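FYI, it's all coordinate maths here, none of it is from the lab. Just so it is clear, the structure is predicted and the values come from calculations on it, not from any experiment. Cβ atoms come from the backbone with ideal geometry, glycine included; neighbour counts cover every protein chain shown.
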Amino acid sequence: MIGPEDPPPFTIVNPLGKARVLLVGDHVSNAIPGILDNLGLDETVLEGHIAYDIGSKNMINHLSLLLDAPAVLAGYSRLVVDLNRNLEDASVMPEVSDNTVIEGNLNMTPEHRNQRIDCFYTPYRTAIDDMLGGFKTKEIVPAFISIHSFTPEMAGFSRPWQAGILWDKDPRIPVPLIKNLRAHVGDFHIGDNQPYSGKELSDFTIDHHAEASGLPHVSIEVRQDLVTTEAGAERWANILADALRDILAGPDLYRLWEPA
């Protein structure tokens, strides 16, 4: 399904980064392979939040350099296949997103669905596994950080948070990160499992690649209007790097999670 003019299913940024950290971006791209003809959508729709996490790619690119950490970035829109969902989740290839019908996802045959999995979903999962395998070969337990962005308004609700930290059981990164961000940005609202929750099944990349293995991890969401521009994305990458730096410097972090 990937033609000669289409991007690859994933990109690895700063592959030789020396940090004991892997960054991932599930929703950084709004690309649709040519064969899918924009899924029947107008270009304006593909520029909006239902197609990708606006600003997240630039944030990750800057954060990768600031932390000297490798990153795995998705190559295609979540409307093609949502890489942060379990394959059993109905929203993995959504027929409707924020009240917009995704015509190209209606009435898919099992064969077509499997093609999308083989071309876009599996290569991304494998790329992450390969990067984690490289750390394991060096006997390193890496920190796993997933970066997203969220729309300022959803379903008529104005979201007050500038950023949100998503987590479930392992507090090693998220709890001090929330504290550091709240201290760093002053009057900003930092959500603790807001606007989404790390306890939900929709946080599949973290659940599958990090939580299940006991890796220290966190999922970070930044509001899109703050990172739409290059300058905004760079600013928030610096804010996140500053807030993460002392946490990632702790030698006790790089161990498999063993709940008390």
Query raised in the report: Can you pull out the residues in the stretch 168-225 that are within 15 Å of the chain's Cα centre (by Cα) and aromatic (Phe, Trp, Tyr)?
Result: Tyr196, Phe204
Query - Qualifying position, being touching a Gly at 6+ places or on another chain (Cβ under 7 Å) and over 20 Å from Leu248 (Cα atoms), among Leu201, Leu226 - result: Leu226
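Please find, among Gly134, Gly198, Gly164, the residue that is more than 19 Å from Val227 (Cα to Cα) and touching an Asp or Glu at 6+ places or on another chain (Cβ under 7 Å).
On the way: Gly134 fails: touching an Asp or Glu at 6+ places or on another chain (Cβ under 7 Å); Gly164 fails: more than 19 Å from Val227 (Cα to Cα).
Unique residue meeting the criteria: Gly198.
For the stretch 93-132, what are the residues that are over 23 Å from the mean Cα position of the chain (by Cα) and more than 24 Å from His49 (Cα to Cα)?
Taking the stretch 93-132 first, the residues over 23 Å from the mean Cα position of the chain (by Cα) are 101, 103-104, 106-112.
Passing the criteria: Thr109, Pro110, Glu111, His112.
Taking the criterion of being assigned to a loop (DSSP other than H, G, I, E, B) and of a type in the set (A, V, I, L, M), would at least one residue in the stretch 6-18 satisfy it? Reasoning before the result, please.
Our first condition is that a residue be assigned to a loop (DSSP other than H, G, I, E, B); within the stretch 6-18, this holds for 6-9, 14-18.
Add one more test, that the residue is of a type in the set (A, V, I, L, M), and what stays is 16.
The answer is yes, given that some residue of the stretch 6-18 is assigned to a loop (DSSP other than H, G, I, E, B) and of a type in the set (A, V, I, L, M).
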**Report entry** Hits in the stretch 133-148 (condition: surrounded by fewer than 22 Cβ atoms within 10 Å (Cβ to Cβ) and in contact (Cβ under 8 Å) with a residue 12 or more places away in the chain)
**Finding:** Phe135, Ile140, Val141
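Looking at Asp26, Asp82, Asp37, Asp42, which one is in contact with a Gly (Cβ under 8 Å, 6 or more places away or on another chain) and either acidic (Asp, Glu) or within 22 Å of Thr205 (Cβ to Cβ) (or both)? If you could, list the steps in order and put the result at the bottom.
Values: Asp26 fails: in contact with a Gly (Cβ under 8 Å, 6 or more places away or on another chain); Asp82 fails: in contact with a Gly (Cβ under 8 Å, 6 or more places away or on another chain); Asp42 fails: in contact with a Gly (Cβ under 8 Å, 6 or more places away or on another chain).
Within the list Asp26, Asp82, Asp37, Asp42, the selection yields Asp37.
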Report task. For the stretch 149-260, please list each of the helices (runs of 4 or more DSSP H) lying entirely inside it that holds at least 2 residues being loosely packed, with under 14 Cβ neighbours inside 10 Å and in contact (Cβ under 8 Å) with a residue 24 or more places away in the chain. Result -> 230-248
Report summary line: Of the residues in the stretch 135-148, those that are touching a strand residue (DSSP E or B) at 6+ places or on another chain (Cβ under 9 Å) and either closer than 19 Å to Ile50 by Cα or not in a strand (DSSP E or B) (or both) number 5
